[in-house]
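Below is one structure, written out as structure tokens, with a few remarks after it.
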Amino acid sequence: MMSGSSFQIELSLTLLVRARGGDVAAFEEIYRHFERPVYTLALRMLGDAEAARDVLHDAMLKVFVCIGQYRSDAPFWAWLRKIALNEALMRLRGARHFDADVDAVDTIIDEVAPPWVRADSLALERALGELPALTRSVLWLYHVEGYSHPEIAELVGKTTSFSKSQVARGTARLRTLLDPQSESSPCLLQTPQIG
Amino acid sequence: MSAANPTNRMTLADALRALPAAAPTRDVWPKLAAQLAAHARTSRRRYFLPAALAASIALAVIAMQFVRHAPKDPVAAISASATVADSRASSKANDTTVIAAMNAANSTNANATANRDAQLAVLQSRSRALEGWLRRTGKAGSPLQGQDLAAAIEIENLIGLVDVELAAPGHANPLPLWQRRVALLDDLTTLRYSNYQLAAGGTAIAAANRID
């Protein structure tokens, strides 16, 4: 798994022991550490601020209620991320985003300079928001959280090919959204807007 | 699909990672803190009485043991220690028997390891079969509602926790974790099964239902 996830925060054992003992101040400290990573993950996946807040709330509540089940031989952040991811995926399933078309993008023109190099963060965020929720989620889990295609396939209950095609599709779509001139590629014109 | 240029792919990853972290406009913590406090109160109520009862019983048992085994007089106590010393001395004579028993135990240990590996393989196979069934029938079932949905989420989270533990290096004996994983998958399968049957209009779909 690649590194770079904003979840990778190491907490002291003392803090975890205090939290296990029901210390509310310790809970708040943990919450403040992971508030942004959890909310950002949920927002990128769901594209909805209110739903992202719900994921943050429910995931953190679950973390604190179940903290006794956490074993310190695995990183705490990985355990917490898994809970947050499950919460977000559950909402994606509920919203039926999982019924998205699974057709692969057959060709990607990758030789030209990618437009996200030139785009500012606002434009990139706006373009991300235009992607179907499931495509955006797969793209985010792959590129930012560092999950592999087989891992993503297992998480979303699809095939590895599905994960690959969603990354390809998302990448192509971002390119089009950020640089409309690249829309001359015929495969991109055929990319349906789902989700 | 053509292989993506690795440089460009990394550039997109970098661009996405460089996006500023988002934060909720309204603080979620006050609501969370209130719910945690309520949860703590409920837990205390739920566990205080049984815990107090258990502690009382344990104390009573210890007290009874103490009264029963307390020597009646000092002479009897000395006599008791002498008996222990005698038995220690006589146990040396049985060393040969102990070594033979240890050899037999080693052989039993090897059998136990093989047996554990076999159990592990069975559990992993069962786990794969259940996951496969859940995946195959996932689309056929209508979305779970209410308590079933909450239970399914809880089970999925618990499976996630087991997976995190399994992924951690240095497990001398992962068997209990796999047993727990399969038990959780069984629960989830039971939960989804009725939902799947309902969605299928009550018709048994033998091929899809088979978990092998």
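At-a-glance table
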read-out	value
Residues (assigned to a helix (DSSP H, G or I) and closer than 18 Å to A:Pro37 by Cα) located in region A:134-167	A:Arg136, A:Ser137, A:Val138, A:Leu139, A:Trp140, A:Leu141, A:Tyr142, A:His143
Answer residue from region A:82-102, given it is more than 9 Å from chain B (Cβ to nearest Cβ) and closer than 13 Å to A:Leu41 by Cβ and is modelled with the lowest pLDDT among those	A:Leu92
Selection count where residues are under 15 Å from B:Ala183 (Cα atoms) and either in contact with a Leu (Cβ under 6 Å, 6 or more places away or on another chain) or at pLDDT below 70 (or both), scope region B:152-165	5
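The values are calculated or read from the model by the stated rules, or taken from the named source; none is laboratory data. All figures in this text were calculated on a predicted structure; none of them were measured in a lab. Cβ coordinates were reconstructed from backbone atoms using ideal geometry, including for glycine residues, and neighbour counts include every protein chain displayed.
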